[in-house]
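The structure appears below as structure tokens.
The values are calculated or read from the model by the stated rules, or taken from the named source; none is laboratory data. Treat the numbers as computed from the prediction; the structure is a model and nothing was measured. Cβ: placed from backbone, ideal geometry, glycine included. Neighbour counts: every protein chain shown. Areas reflect the complete protein model, heavy atoms only, side chains present, ligands, DNA and RNA absent. Shrake-Rupley method; radii C 1.70, N 1.55, O 1.52, S 1.80 Å.
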Amino acid sequence: MFARSGLRSTQRVFAGARNGAINVTKRAASTSSGAEASPVRLNIAAAASTAVAIGSIAWYYHLYGPTAHAMTPAEEGLHATKYPWVHQQWFKTFDHQALRRGFQVYREVCAACHSLQRVPYRAFVGTILTVDEAKAMAEENEYDTEPNDQGEIEKRPGKLSDYLPAPYKNDEAARFANNGALPPDLSLMVKARHGGCDYIFSLLTGYPDEPPAGAQVGAGLNFNPYFPGTGIAMARVLYDDLVDYEDGTRASTSQMAKDVTEFLNWAAEPEMDDRKRTGLKVLVVTSILFAATVWVKRYKWAYLKSRKIAYAPPKDANVQHRQ
Amino acid sequence: MAQLGTVYNLFFRRNYAMLATVFTTAFAWEMLYDNTMNKVWDNINKGRQWKDIRQKYIQGADDE
């Protein structure tokens, strides 16, 4: 309403400006009583107030409009490409064959530097490994026992309830071995970074052969456009045919990156398969119930909606008019 | 209608019968629904789950 009448009045002003003063004078004479408003002054006033309005909007936008970027695009890192991960579709589980390959990549490559400390061996049973495989793998490591009678702590082979061992004794050792950079724990990495799977995949496959001309790469750092700041302490680790997949899949760089990323997604969300299956059941049941409620509502309201209230005027004889 | 009368007398007339009916149907329905949906799920995700590839590795372990 307001917008329309406002528009009409501006149209009138412009029309006045276009058609010469006569029209405006006529209308002004008809609307305003007495005091003669000169058309020229009216036009100037309209133009000035429009200029002030546009100016203040522009000033406001200049001040508060654009988002302030504290960092340069290079410091933000390149946005990771969106990949069509099948396991991220609503009703799809992880591809467990891929998880098995990804775990192999983790064990043979990443585990040299990165821990996966929140994942116990028992989590692999029935998802990635058989019980025997998981037990054998756990037994390859030594863990501290509870203190014995003399308070000594001894070593025992790992059990299914143990968590994956870290490659370094502590963070200081990890930094010392990696030029001062700490390889972060990968258990929750997919959840911990913007872009999740897309980011990790892009990071692992995004190392150019040499940094582009003009790029500043610090000492001991490697150029990777996806890493915020572009200088990352981790060098490219995946090269074609680095691992020998037991299922015969060709271990190209991107294949390994995809598998290990899906595996890391599993490590961060081992409950995903069950969660989605329950979600499917919930969605089906609730949509049936929703359809039922809609139907019941329409059923109950049908007679209210379809009735017709008619007014039968009373016969004159029965009405007493007060005079 | 006669059958409906029997149904009513048998299952809904007395409170304990009604209660038993509710509990049993809830239980039965839950089993039926879960089973059906799990089948649908396994069908959507054919070949992706551990149970689909498990056989390869169980047999492999036996052979060694």
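Close amide-amide hydrogen proximity is noted between A:TYR143 and A:ARG156, A:GLY158, each under 5 Å apart and 5 or more residues distant or on a separate chain (H modeled in the peptide plane; Pro and chain starts excluded). Rounded to two decimals, the Cα-based Rg/Rh of the stretch A:168-322, with Kirkwood Rh, is 1.50. When the charge dipole of chain A is built from unit charges on Cβ atoms (+1 for Lys and Arg, -1 for Asp and Glu) and taken about the Cα centre, the candidate among A:ASN141, A:ALA53, A:TYR245 whose Cα reaches farthest toward its positive end is A:ALA53. By the helix-only formula, in which each DSSP H run with n ≥ 4 contributes -39500 (n - 2.57) and the sum is divided by residues, chain A has a 222 nm mean residue ellipticity of -15500 deg cm²/dmol. Inter-chain neighbour count for B:40-52: the average number of beta-carbon atoms from partner chains within 10 Å of each residue's beta-carbon is 6.
Protection proxy ranking of A:293-304, A:106-117, by the mean of other Cβ atoms within 10 Å over each peptide's residues and highest first, is A:106-117, A:293-304.
Report note on the peptides A:266-275, B:46-55: ranked by the mean count of other C-beta atoms within 10 Å, highest first, their order is A:266-275, B:46-55. Could you run the Debye sum over the Cα atoms of the protein assembly as shown, one equal point scatterer each and no solvent, and tell me log10 of I(q)/I(0) at q = 0.06, 0.11 Å⁻¹, two decimals? Each listed q corresponds, in turn, to -0.57, -0.98.
The listed peptides A:43-50, B:10-17, ordered by packing as a protection proxy, come out as A:43-50, B:10-17 (highest mean of other Cβ atoms within 10 Å first). To the nearest ten degrees, helix A:2-19 and the longest principal axis of the Cα atoms of chain A are 60 degrees apart.
Note on A:59-65: average number of Cβ atoms from other chains within 10 Å of each residue's Cβ is 0.
By accessible area, using a 1.4 Å probe on protein heavy atoms only, the protein assembly as shown has 59% of its surface on carbon and sulfur. Which residue fluctuates the most in chain A, going by a Gaussian network model with Cα springs under 10 Å, if the choices are A:ARG307, A:ARG118, A:ARG100? Most flexible of the set in this elastic network: A:ARG307. Quick one, what does Rg over Rh come out to for the stretch A:136-234 if you take C-alpha atoms and the Kirkwood Rh? The Rg/Rh ratio comes out at 1.14.
Taking a threshold of 28 Å on the Cα-Cα distance, which of the pairs A:LYS92/B:LYS56; A:LYS82/A:LYS159; A:LYS155/A:LYS258 fall above it? Those over the limit are A:LYS82/A:LYS159; A:LYS155/A:LYS258. When the P(r) is computed for the stretch A:63-130, the part past 21 Å accounts for 55% of the Cα-Cα pairs. Taking a quarter of the surface of the Cα convex hull of the stretch B:20-64 gives a mean projected area of 4.4 nm². All Cα-Cα separations within the stretch A:112-183 were binned at 10 Å from zero, giving a P(r) of 19, 37, 31, 12, 0, each value a whole percent of the pairs. The alpha carbons of the stretch A:64-213 occupy a box of 70, 41, 37 Å along the principal axes, longest dimension given first. Working note: Karplus 6.51/-1.76/1.60 with θ = phi - 60° gives the stretch A:69-86 the couplings 9, 5, 10, 6, x, 5, 6, 6, x, 5, 5, 6, 5, 7, 9, x, 5, 5 Hz, where Gly and Pro are set to x. Averaged over the residues of peptide A:277-283, the number of Cβ atoms from other protein chains lying within 10 Å of each residue's Cβ is 3. Residue-wise HN-Hα couplings along the stretch A:38-49, as the Karplus relation 6.51 cos²θ - 1.76 cosθ + 1.60 with θ = phi - 60° gives them from phi, are 5, x, 4, 5, 4, 4, 4, 4, 4, 4, 5, 5 Hz; Gly and Pro carry x.
Can you give me the C-alpha center-to-center distance between the stretch A:71-146 and the stretch A:165-197, rounded to a whole angstrom? Taking the Cα centre of the stretch A:165-197 as reference, the centre of the stretch A:71-146 is 14 Å away. If you plug the beta carbon distance of B:ASN38 and A:GLN216 into 1/(1 + (r/R0)^6) with R0 = 45 Å, you get a FRET efficiency near 0.20.
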